[in-house]
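Chemist: Mind looking over this structure? Questions follow.
The values are calculated or read from the model by the stated rules, or taken from the named source; none is laboratory data. Small disclaimer: the values here were computed from a predicted structure and weren't measured. Cβ: placed from backbone, ideal geometry, glycine included. Neighbour counts: every protein chain shown.
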Amino acid sequence: MRKLGLIVVTTLALGACVGAAPSDASGPLINGPIDSSAKVWAELPTGSELAAAYPAPARENHMSGIAQLQCHVTKRGELTGCVVLSERPAGYRFAVAAFSLLKFFRLKPANYGPEATVIIPVRFNVYE
């Protein structure tokens, strides 16, 4: 039986410092590397919510993939104005699945500036 998994790696960009997450990122980045065990999320999706979001076309074809989303961050840590930056491989609905999970994400409240954005690469993995 194959297991489905999801990895979320974030890059938080404050002000005009918006950039893509490094391909080897192991944890959140807030204006540069921080301890990967740092707790920047106030809320994250549960395992069952993640499993339910895994796109059916990808599951049926045993495909792993990634969607990269970018959102504005409110001072309360809520995500707004989200857009899809990329999806690989295309055609398996990874972006749609990642977008459906956004309602479960919330950053810890902080004094985020008016231009604060977060880039969220959401990786969907099939484990043998």
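Chemist: Of the residues Ala97, Ala52, Ala90, Ala67, which is in contact with a strand residue (DSSP E or B) (Cβ under 8 Å, 6 or more places away or on another chain), over 16 Å from Val118 (Cβ atoms) and small (Gly, Ala, Ser)?
Modeler: None of the other options fit; the residue is Ala97.
This table checks each residue for (1) crowded, with 18+ Cβ neighbours inside 10 Å; (2) at pLDDT below 85; (3) among the hydroxyl-bearing types (Ser, Thr, Tyr).
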site: Pro33; (1), (2), (3): no, yes, no
site: Lys39; (1), (2), (3): no, yes, no
site: Gly47; (1), (2), (3): no, yes, no
site: Ala52; (1), (2), (3): no, no, no
site: Pro55; (1), (2), (3): yes, no, no
site: Met63; (1), (2), (3): no, no, no
site: Gln70; (1), (2), (3): yes, no, no
site: Lys75; (1), (2), (3): no, no, no
site: Arg88; (1), (2), (3): no, no, no
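Chemist: Now a separate question. For residues that are modelled with pLDDT of 85 or more, among the charged types (D, E, K, R) and over 15 Å from Thr46 (Cα atoms), tally how many sit in the range 94-122.
Modeler: Residues that pass the stated criteria total 1.
Chemist: Write out, first by first residue and then by second, each pair whose Cβ atoms fall under 7 Å of each other, whose residues are 6+ apart or on separate chains, and whose first residue, in the range 57-83, is within 30 Å of Tyr127 (Cα to Cα) while the second is surrounded by fewer than 19 Cβ atoms within 10 Å (Cβ to Cβ) and modelled with pLDDT under 90.
Modeler: Arg59/Leu4; His62/Arg2; His62/Val126; Met63/Val126; Ser64/Asn125; Ser64/Val126; Ile66/Arg123
Chemist: Can I ask one more? Of all the residues that make up the range 96-123, how many are buried (at least 16 other Cβ atoms within 10 Å of the Cβ), in contact with a Ser or Thr (Cβ under 8 Å, 6 or more places away or on another chain) and either over 22 Å from Glu49 (Cβ atoms) or not charged (D, E, K, R) (or both)?
Modeler: 5
Chemist: Evaluate the following for Gly27: is it surrounded by 12 or more Cβ atoms within 10 Å (Cβ to Cβ), at pLDDT below 90 and in contact with a Leu (Cβ under 6 Å, 6 or more places away or on another chain)?
Modeler: In short, no.
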